[in-house]
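Undergrad: Before I ask anything, here is the structure I am working with.
What follows draws every value from the coordinates through simple rules; no lab data is involved. Worth saying up front: this structure is predicted, and the values here are computed from it rather than measured. All Cβ positions, even for glycine, are placed from backbone atoms using ideal geometry, and neighbour counts span all protein chains on display.
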């Protein structure tokens, strides 16, 4: 982790895939002890990354078994908060850090004189990440986007 921090490496842990696998195995009656230990280890690694200054971008591996688009983001954000990240840092991992990883340094942040891209959800920040299921508005480069097709189940 220290070397990753020194080199400015971005890490995308995608821990929810392990939780989803465990949930699927549990429903099938399969022992999930190894999966549970793996997820716990990943959460400790996420904590260590935060403590050592590793830049993390939020990812989900959406499309994998049990990892549904949209809902997986909410679950991954929850894992990060459970690992000790404050919600504002989790939002940064999901927005600006991901944009940096994609080579888009101007994206994923709200700054003066920059075209704003953001979503608005119902409720205060303390209700995140769950409130992401209630998107009220989406703005992309200052233009309002029709949100009727953006429901997270």
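Undergrad: Mind sorting 2, 139 by how few other Cβ atoms lie within 10 Å of their own Cβ, fewest first?
TA: 2, 139
Undergrad: Can you give the FRET efficiency to the nearest 0.05 for residue 136 and residue 62, using r as the Cβ-Cβ distance and R₀ = 35 Å?
TA: Once the sixth-power term is evaluated, E becomes 0.95.
Undergrad: Then there's this: For region 1-39 and region 75-153, what is the separation of their Cα centres, given in Å?
TA: Here the answer is 23 Å between Cα centres.
Undergrad: For residue 34 and residue 106, compute 0.36 nm times the residue count separating them, minus their Cα-Cα distance, and round to one decimal in nm.
TA: Extra length available between residue 34 and residue 106 comes to 21.8 nm.
Undergrad: Select one label from [x] 15.8; [y] 15.2; [z] 16.7: the one whose number is Kirkwood radius over Cα pairs in Å as derived from the coordinates shown.
TA: [z]
Undergrad: May I pose another question? Taking Cα pairs under 8 Å and at least six residues apart, what relative contact order does region 2-105 come out at, in percent?
TA: This gives 33 percent for region 2-105.
Undergrad: Subtract the Cα-Cα distance of residue 26 and residue 126 from 0.36 nm times their separation in residues, and report this length gain in nm to one decimal.
TA: So the extension gain works out to 32.9 nm.
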